[in-house]
Each structure stands twice: as C-alpha cells, then as structure tokens.
1. Do you know which residues across the range 25-76 are touching a helix residue (DSSP H, G or I) at 6+ places or on another chain (Cβ under 8 Å) and of a type in the set (S, T, Y)?
2. Sort through L52, L116 and tell me the only one that's closer than 21 Å to V127 by Cα and either more than 27 Å from the chain's Cα centre (by Cα) or crowded, with 16+ Cβ neighbours inside 10 Å (or both).
3. Would you kindly identify the helices (runs of 4 or more DSSP H) lying entirely within the range 107-160 that contain at least 2 residues that are within 22 Å of G93 (Cα to Cα) and at pLDDT below 90?
4. Hey, could you check the range 102-112 for residues that are of a type in the set (A, V, I, L, M, F, W, C), within 14 Å of W30 (Cβ to Cβ) and open to solvent by 50 Å² or more (accessible area, probe 1.4 Å) and say which is farthest from the chain's Cα centre (by Cα)?
5. Mind checking which residues of the range 55-70 are hydrophobic (A, V, I, L, M, F, W, C) and surrounded by fewer than 13 Cβ atoms within 10 Å (Cβ to Cβ)?
6. Suppose we keep only residues that are farther than 17 Å from P107 by Cβ, part of a helix (DSSP H, G or I) and open to solvent by less than 70 Å² (accessible area, probe 1.4 Å) within the range 12-47. Which one would you say is modelled with the lowest pLDDT?
Amino acid sequence: MTTGAPTSPYPARPRRSRTRTFLPLGVAAWLVLEIWLLTVVAGAASGFAVFLLLVAGFVLGSVVIKRAGRRAFQNLNEALQRGGAPSGSGSSGNGLMMLGGLLLMIPGLLSDAVGLLLLIPPVQKAVGRYAERTFDRRLRAAAPGTLGDAFQQARIHHPDGKVVQGEVVRDAHDGPRDTPQDRKPPLTR
C-alpha cells in the first residue's frame, strides 16, 4: 500500500552513537600511551627490564584468571549441590578479578596498573556497585517490550527475502483430524 509520497531509493542511515564514534579514538589513544610508556621505561631502565615486566604481568594475569575461574566454578558447584542459585556475593568479585587478570596479560604498563587496581577488594566492591547502579539505570531507561517484540521488529525492518509475514486463519469447522492418512508432514521450507 502506498501513500503517494515519494520515497528515496537510498534508505536513511541511522545516526551513530557517541560510543561508536569515540571508542576507536579512545583505543588508539590508549595504544599510543602504552607504547610511549614502554619506551620511557625502556629508556630509563633497559629493554630487558621492560621485557621482564611484560612477562611477569602475563604470568601473574594467567594465575589470577585461573584462581578466579576455579573459585567461580567452586561456587557454582556448591550452589548446585545446595539446589539453589549461586550467591551474588562472590560472583561480581570473580568477574572483576578475571578482568584484572586479563588486563595484566595485555602487554602494557597502563593496563597492568588498572589490572592491579582491580585485584584490590575495596576497589572491586566500588567498581561492582558502580556497574550495578549503571546497569539498573540503563535497564530502567530502556524502551519497554519483550524479547519477542525485538525479534519481530528486527524481522520487519531488516527482511532477508525469505520471510513472508502473514497470519494463519483456520475455519471453525476444521478440527483435529484423527486419521493418520489425513496427516501431512511438516513443511521444511
């Protein structure tokens, strides 16, 4: 059905969010800062000292991730044996501890410093509370709707050519058929 209004042959481009605009710039600035810090430390100490720092950070990060993963798996096992859900007290700490270990494994001194900060329990609690508040605030600000509505909207706005929207109408006198010869196999296409 058309309304008579002319339509553009080119679809309107959605507006880019600030995150999508500034995230690549932030990553590039972070990489430049990491490389600059490594060169400054290498100039002050030696290249071998920087190499040892990077290897030590990688080993420490892998140990931290392994320990946090074991603790999370142990909490899950205990919760399953009790028959309940895992307690929320240690789960965010394990996640932040794993993030700290990952940051320690990434080569760079700035990421190592942030990773070491995330291993401190008071910092973990503060970051966990901030993340929970932010998540709750964004969840409340989100548009209402169900997951099924989101899938329906995605199918309407981005059709792939294979889905024909419509509805099935059955007559009232069409009842369930009891005879096996009247049953037809389901369509696969």
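1. Passing the criteria: only S62.
2. Answer to the selection: L116.
3. Qualifying helices (runs of 4 or more DSSP H): 121-141.
4. Looking at residues that are of a type in the set (A, V, I, L, M, F, W, C), within 14 Å of W30 (Cβ to Cβ) and open to solvent by 50 Å² or more (accessible area, probe 1.4 Å), I get L110.
5. The answer is V55, A56, V59, V63.
6. Looking at residues that are farther than 17 Å from P107 by Cβ, part of a helix (DSSP H, G or I) and open to solvent by less than 70 Å² (accessible area, probe 1.4 Å), I get T21.
The values are calculated or read from the model by the stated rules, or taken from the named source; none is laboratory data. All of these numbers come straight from a predicted model, not from anything done at the bench. FYI the Cβ positions are ideal-geometry reconstructions off the backbone, even for glycines, and counts take in every protein chain you see. Please note that ligands, DNA and RNA were not included when accessible areas were found on the heavy atoms of the full protein model with its side chains. Shrake-Rupley method; radii C 1.70, N 1.55, O 1.52, S 1.80 Å.
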